[in-house]
Every structure is written in C-alpha cells, then in structure tokens.
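Where a number appears in this text, it was derived from the coordinates with a stated rule and is not lab data. All of these numbers come straight from a predicted model, not from anything done at the bench. Ideal geometry is used to build each Cβ from the backbone, glycine not excepted, and the neighbour counts take in all protein chains shown.
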Amino acid sequence: MTYIITSLCLRDSGCVEVCPVECIVPGHPREEYPWFYIDPDTCIDCGACVPECPYEAIFPEDEVPDAYEAKGGEYVSLPASSGLSGAYTGTNHHGETVKLAHTRQLDAGEVVDLTADIQANTDYFSKGMGYSGNDKGRE
Ligand code: SF4
Ligand code: SF4
C-alpha cells in the first residue's frame, strides 16, 4: 500500500520533513501538478506524514474518501485543466508565501470524491518530474 496526497493539499510542505524515506516531493510544474506527491513505490506506510498536514490532505490509499464531507471553508486545489479559477494565497510551514491559481473553497456539508486524486501520485513519478521536482523548490 501507500499513502496518498489529495487535492486538499495547499503545499504547506510540513509533511516532507518527517518522511523517513524522503518520498514526498513538490509538484512541478504547478499548473499540471499543484500538490506535493508521494512515491508509492518507496512509501513504507509509516503514517508519520498524516498528523503533520494542517489541511488533513493525506490518507492511506485504501481510506481515501469517495464521499469526503466538507467542514466548510477548506480548499481543493486542482490542475489548470480543471478550469477552476479561484485564487489561494497562504503561508507554508517555512513561513513562505504560497499562491495557487486553480482552487475552490468547499461549502459545509458538500460531498467530494477524493479517490480521483489517487492516480496523480503515481503519475507524478511515472509521467511527471518525480524526484527532480525537489530541484525546483517547494514554493
Ligand atoms: S503537509 Fe499537507 S498541505 Fe503540506 S505539502 Fe504535505 S500534504 Fe500538502
Ligand atoms: S506514510 Fe511514511 S513513508 Fe509514506 S509518505 Fe508518509 S511519512 Fe513517508
């Protein structure tokens, strides 16, 4: 199994530092890969990353919710191809500014299927930059 980062990720980067096998990588280019991604072939399922995420964006693969019920106010962030146009500006774990251009805030009680986000983690390492994303920085 592996753990999965979902579209609730707002590039806080706090999860990266606790991963004992350094398999969490920032997505680049952001227009295509706006989250951080977990290499499923390297993840050892330790779960250490989960409590580090302030947005509760990380799940064991078999627990990614297909009916995530929003608390209200949380963001989903998606690739540019999604057509979402909401802007998000925040501060990451290191106090650096994070700007995302394709987001949407969820309404309280809104139900969202996050299982569609599973494949992106694998794709980033098979079709995207994978570990080379580290060279581009976390912002
Ligand atoms: S801590 Fe959460 S928001 Fe930050 S990069 Fe990791 S998954 Fe994304
Ligand atoms: S579950 Fe453990 S090994 Fe897997 S990404 Fe999270 S911290 Fe890394």
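For Glu139, neighbours were defined as the other residues whose beta-carbon sits under 11 Å from its Cβ, and their charges (Lys and Arg +1, Asp and Glu -1) total +4.
Compute the longest continuous run of the chain that contains no exposed trypsin sites (Lys or Arg not before Pro); treat a site as exposed when its DSSP state is not H, G, I, E or B and it has at most 12 other Cβ atoms within 10 Å.
Working: sites that count: Lys71, Lys127.
After excluding every exposed loop site, the longest remaining stretch is 1-70.
For the range 3-130, the residue among Tyr68, Ala108, Asn92 whose Cα projects farthest onto the positive side of the dipole built from Cβ charges is Asn92.
The Cys residues in the chain with no partner Cys Cβ within less than 4.7 Å of their Cβ are Cys9, Cys19, Cys23, Cys43, Cys46, Cys53. Modelled spin-label separation between Ala87 and Ile44, with each label point placed 7 Å from Cα along the Cα-to-Cβ direction: 4.3 nm.
Neighbouring Cβ atoms within 10 Å as the yardstick, rank Ser132, Ser77 fewest first. Walk me through the numbers before you get to the answer.
On the way: Ser132 10, Ser77 25.
Fewest-to-most ranking of Ser132, Ser77: Ser132, Ser77.
Ranked for footprinting exposure by Cβ neighbours inside 10 Å, fewest first, Ile118, Ile44 give Ile44, Ile118.
Ordering Glu63, Glu74, Glu31 by the number of other Cβ atoms within 10 Å of each residue's own Cβ, fewest first, gives Glu63, Glu31, Glu74. Straight-line reach from Lys136: which lysines have a Cα under 24 Å away, not including same-chain ones fewer than 8 places off? In chain and number order, the partners are Lys99, Lys127. Would you calculate a helix-derived [θ] at 222 nm for the chain, using -39,500 (n - 2.57) for each DSSP H run of n ≥ 4 and dividing by the full residue count, to the nearest 500? Computed ellipticity for the chain at 222 nm equals -2000 deg cm²/dmol.
With the Cα gyration tensor of the chain in hand, convert its eigenvalues to equivalent ellipsoid semi-axes via √(5λ) and list them largest first in whole Å. Kindly include the intermediate steps, with their values, before the conclusion.
On the way: eigenvalues 84, 61, 43 Å².
Calculated on Cα positions only, the semi-axes equal 21, 17, 15 Å.
Each part reduced to its alpha carbon centroid, the range 22-50 and the range 66-139 end up 12 Å apart.
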